[in-house]
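Read the structure below first, then the notes.
Please treat every number below as a calculation from the coordinates, not as lab data. A quick note: this is a predicted structure, and the numbers were derived from the prediction, not measured. Note that each Cβ is placed from the backbone with ideal geometry, even for glycine, and that neighbours are counted across all protein chains shown.
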Amino acid sequence: MAFKVGLLGLGTVGSGTAAILLDPAQRHPLLKELKIHRVGVRSLDKARAVDLPVEQLTTDLESIVTDPEVDVVVEVMGGLEPARSLMLKAIAHGKHVVTANKAAIARYGDEIFTAANAAGVYVLIEAAVAGGIPVIEPLKQSLCANRIQAVTGIVNGTTNYILSRMQSEGSDFNEVLADAQRLGYAEADPTADVDGLDAADKVAILASLAFGGRIKLPEVHCEGIRSVSAADIAYAEKLGFVIKLLATAKRDAVGEDEAEQLQVRVHPTLVPKSHPLASVNGVYNAILIEGDPVGQVMFFGPGAGSGPTASAVVADILNIAAILKVGRDTVVQPDGKPLLDPLLACSHQHYSKITPIDELVTRFYARVLTQDSPGVIGKLGTCFGNHEVSLESVVQTGLRDDSAEIVVITHYVREGNFREALAEIQSMESVQSIASVLRVL
Ligand code: NAP
Ligand code: HSE
């Protein structure tokens, strides 16, 4: 029996996927039963990284998602539209869908999974988060006996590469970004990566799987790495930390009723050098999952790239092919709807409540430039104290542009209180600027 794959896209991930499908030797035997049926692209004239008969290529992507012969549609074209509409149309035509498109899933997951459940088809997304690292299936299956407490990850390779180089070279952000673009590690338009938006899409997906509720993307607090300076990295180093762009999803219990909420956020963070995520450098990704009773489990590996991402895409195709092979897709419920495997299908019906960032309780690092005059540190301390912000350390190592540079690390404080203290500090006559504020893990 052959399972027919309709591929939407033959770029980085599509080519990698086709390369595996065309060369099944020494991989899982079921791969030999997968056939690329048709491939949708934008341009028929482009040179391709894989050798496919030209008649398999088409620019008419609708004809793929409606083709009665196609069993699985693999969406690796990216972007929001027409990817969203094509996935919905594939589902409406009874096709299973595999996608690497975190942007579309983070925004339209509700619509796509609701349609898939109604149609009795699977939408699998292993490649959408952390490329080649298996993390979606472990959250859905291998770790499903656990009460997950937190998922903390480095899920964007571009920013991790930039921060790692800033750390090792002492260079500034703009300098490293320009070089990363020249070397092809960062996109010409780096916005989605460096402003944290790509990581926000990914953590929204991880939070949804870890905690069993859908996430409204605009509620994910998101800060990128543009404001991280060489000075902050150097101070962090002296204080025993490295700076990483962390994506965090965590259970929280706040508010008068102590109702369960989630923290879902992306921001640069001072990570203690002894923490498992501190040594994840370069383009690598890692995700630390904390669950009861398993404890800490960390997944590490390549978060992007043709081969690694295709590895995840093909695993999803194989999961679906295995279901089709044993006829599990033909088992129906009493109401006549196809019975979906509850460990593979999306079972979330509600939206999770997200803790507003002001309610977050965390530690902070702040770098303040002040006049170099007696009593300034005392005034800063008083100001923090006025807002119930307790300081763990205060460091003044020298002058920067004739200003005294004072670095503080707080104990755990409510973010709202800390921001109020900063507003008061900003208005002090002896304070020139608050050069940076970062959270501390
Ligand atoms: P890519 O290299 O730009 O490839 C996109 C492919 O889709 C190209 O073959 C392009 O056709 C085709 N395409 C795009 N829009 C189209 C349209 N409107 N009509 C017809 N064909 C269209 O992208 P990619 O890097 O493979 O990424 C694909 C998806 O995987 C994205 O959602 C991305 O976020 C996700 N992803 C990528 C990576 C990675 O390492 N690259 C890792 C994880 C997830 P032409 O070739 O004719 O232009
Ligand atoms: N742009 C992403 C990154 C890769 O830098 O990690 C695709 O998810």
What number does region 136-301 give for Rg over Rh if you use C-alpha atoms and the Kirkwood radius? 0.99
Theoretical gain in end-to-end length, Lys379 to Asp179 [0.36 nm per residue, Cα-Cα removed]: 67.8 nm
Taking a threshold of 26 Å on the Cα-Cα distance, which of the pairs Lys202/Lys337; Lys35/Lys89; Lys95/Lys140; Lys4/Lys46 fall above it? Lys202/Lys337
Highest mean first, what order results for 122-130, 29-37 on Cβ atoms within 10 Å? 122-130, 29-37
Counting other C-beta atoms within 10 Å, and keeping those with at most 14, which DSSP coil trypsin sites (Lys or Arg not before Pro) do you find in region 228-307? Lys273
Can you give the angle from 0 to 90° between the axis of helix 197-211 and the longest principal axis of the chain, with both taken from C-alpha atoms, to the nearest 10? 70
What residues from region 210-238 fall in the zone where the backbone N is under 12 Å from a label point 7 Å along the Cα-to-C-beta line of Tyr351? 214-220
Please report Rg (one decimal) and Dmax (integer) in Å for the Cα set of region 358-440. 11.8, 36
Return the single residue from Gln263, Gln296, Gln333 with maximal mean-square fluctuation; model: Gaussian network over the chain, springs between Cα atoms under 10 Å. Gln333
Across region 329-343, in residue order, what do the Karplus-derived ³J(HN,Hα) couplings come to in whole Hz, using 6.51 cos²θ - 1.76 cosθ + 1.60 with θ = phi - 60° and x for Gly and Pro? 6, 9, 6, 10, 7, x, 7, x, 6, x, 8, 8, 5, x, 8
How compact is the chain by the rule of thumb for globular proteins, expressed as Cα Rg over 2.2 N^0.38 Å? 1.09
HN-Hα J in Hz across region 223-235 - Karplus 6.51, -1.76, 1.60, θ = phi - 60°, x for Gly and Pro: 10, x, 10, 4, 8, 6, 10, 4, 5, 5, 5, 5, 5
Amide H proximity to Asn285 below 5 Å, modelled H, separation 5+ or other chain, gives Gly301, Gly303
Once amide H atoms are built 1.01 Å from N in the peptide plane, which residues 5 or more positions from Leu34, or in another chain, come under 5 Å H to H? Phe3
Taking the alpha carbon gyration tensor of region 76-184, what are the square roots of 5 times its eigenvalues, largest first, to the nearest whole Å? 34, 20, 10
Arranged by the count of other C-beta atoms within 10 angstrom, fewest first, what order do Ile205, Ile406, Ile287 take? Ile406, Ile205, Ile287
Considering only the chain, percent of DSSP beta bridges that pair antiparallel, nearest 5: 70
May I ask you to list the aspartates and glutamates whose Cα is less than 18 Å away from that of Lys325, ignoring any residue fewer than eight positions away on the same chain? Glu33, Glu69, Asp71, Asp316, Asp341
D_trans [Stokes-Einstein, Kirkwood Rh over alpha-carbon pairs] for region 45-126, 25 °C, 0.890 mPa s, µm² s⁻¹: 185
So what is the calculated 222 nm ellipticity per residue for the chain, using -39500 (n - 2.57) for each DSSP H run with n of 4 or more, over all residues, to the nearest 500 deg cm²/dmol? -9500 deg cm²/dmol
Through the Karplus equation 6.51 cos²θ - 1.76 cosθ + 1.60, θ set to phi - 60°, convert the phi angles of region 50-65 into ³J(HN,Hα) values in whole Hz; use x for Gly and Pro. 10, 8, 10, x, 4, 6, 7, 8, 8, 9, 9, 6, 4, 5, 6, 6
